[in-house]
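Structure first, commentary second.
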Amino acid sequence: VMAQAAVALDMPVEMYFTAQSVQLLTPQAGELRIGFGDEQRALRDYLQDTHDLGVQLFACAQALHAAGLQRQELIAQCAGLGGAVQFMSRCADAQWRTLVF
């Protein structure tokens, strides 16, 4: 939701999935219902909408390894691998802002 809000404000957005959150990029996790009350939707729908808005989704290679996953097992909307170095590079760039959840 925050990524979609940032895009609505014409901000470029990248999302980095690290540690256990990398598992949210698997097709199996797509069935997870998120949101509140009548606003609950499948995670896959949120990720698809976010991807359709131009947000790039990246998976941490070390987290994938720790979870026993391969890049090929992730949803098609995942732009590729991106970990600590790529994320920290964005954090250090004065043109970017960073949110961490």
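With every protein chain left in place, what is the accessible area per residue of the chain in square angstrom, probe 1.4 Å? Provide the component values of the computation, followed by the final result.
Working: 6850 Å² over 101 residues.
Computed with neighbouring chains in place, this is 68 Å² per residue.
So which chymotrypsin sites (Phe, Trp or Tyr not before Pro) in region 1-87 pass both tests, a DSSP loop state and at most 12 other Cβ atoms within 10 Å of the Cβ?
Numbers: sites: TYR16, PHE17, PHE36, TYR46, PHE58, PHE87; in loops: PHE36.
Answer by residue number: PHE36.
Per-residue HN-Hα couplings for region 88-97, Karplus 6.51 cos²θ - 1.76 cosθ + 1.60 at θ = phi - 60°, whole Hz, x for Gly and Pro?
Calculated HN-Hα couplings, in order: 5, 4, 5, 4, 7, 7, 4, 7, 10, 10 Hz.
Within region 25-100, which trypsin sites (Lys or Arg not before Pro) sit in a loop by DSSP and count at most 12 neighbouring Cβ atoms inside 10 Å? Could you put the intermediate results ahead of the total?
Details: sites: ARG33, ARG41, ARG44, ARG71, ARG90, ARG97; in loops: ARG97.
In loop regions of region 25-100 (DSSP not H, G, I, E or B), the sparsely surrounded trypsin sites (Lys or Arg not before Pro) are ARG97.
Note down the magnitude of the dipole of the chain about its Cα centre, charges +1 on Lys and Arg C-beta and -1 on Asp and Glu C-beta and zero elsewhere, to the nearest 20 debye. Before the final figure, lay out each step's value.
Working: 6 positive and 10 negative charges, 59 e Å.
The calculation lands at about 280 debye.
Among THR50, GLN70, MET11, pick out the residue whose Cα is farthest towards the positive end of the charge dipole of region 7-100, where Lys and Arg carry +1 and Asp and Glu carry -1 on C-beta, about the Cα centre.
Among THR50, GLN70, MET11, the one farthest towards the positive end of the dipole of region 7-100 is GLN70.
Give a residue-ordered list of calculated ³J(HN,Hα) values for region 16-26 (Karplus: 6.51 cos²θ - 1.76 cosθ + 1.60, θ = phi - 60°; whole Hz; x for Gly, Pro).
Calculated HN-Hα couplings, in order: 10, 9, 10, 6, 6, 5, 4, 5, 5, 8, 8 Hz.
What residues have an amide H closer than 5 Å to that of ALA59, excluding those fewer than 5 places away on the same chain, when H is modeled at 1.01 Å from N in the peptide plane?
PHE17, GLY80, LEU81, GLY82
Once you have the Cα-Cα distance between HIS65 and ARG90, take 0.36 nm times their residue separation minus that, and quote the gain in nm to one decimal.
Fully extending the segment from HIS65 to ARG90 adds 6.7 nm.
Leaving ligands, DNA and RNA out of it, report the carbon-plus-sulfur percent of the accessible area of the chain at a 1.4 Å probe. Walk me through the numbers before you get to the answer.
On the way: 3850 of 6850 Å².
Carbon and sulfur together cover 56 percent of it.
What are the semi-axes of the equivalent ellipsoid of the chain, taken as the square roots of 5 times the eigenvalues of the Cα gyration tensor, listed largest first and rounded to whole Å? Don't skip to the answer; put the middle values down first.
Details: eigenvalues 85, 77, 24 Å².
Those come to 21, 20, 11 Å.
The values are calculated or read from the model by the stated rules, or taken from the named source; none is laboratory data. The model shown is predicted, which means the values in this text are computed figures rather than measured ones. Please note: Cβ atoms are built from the backbone with ideal geometry, for glycine as well, and neighbour counts cover all protein chains shown. Areas reflect the complete protein model, heavy atoms only, side chains present, ligands, DNA and RNA absent. Shrake-Rupley method; radii C 1.70, N 1.55, O 1.52, S 1.80 Å.
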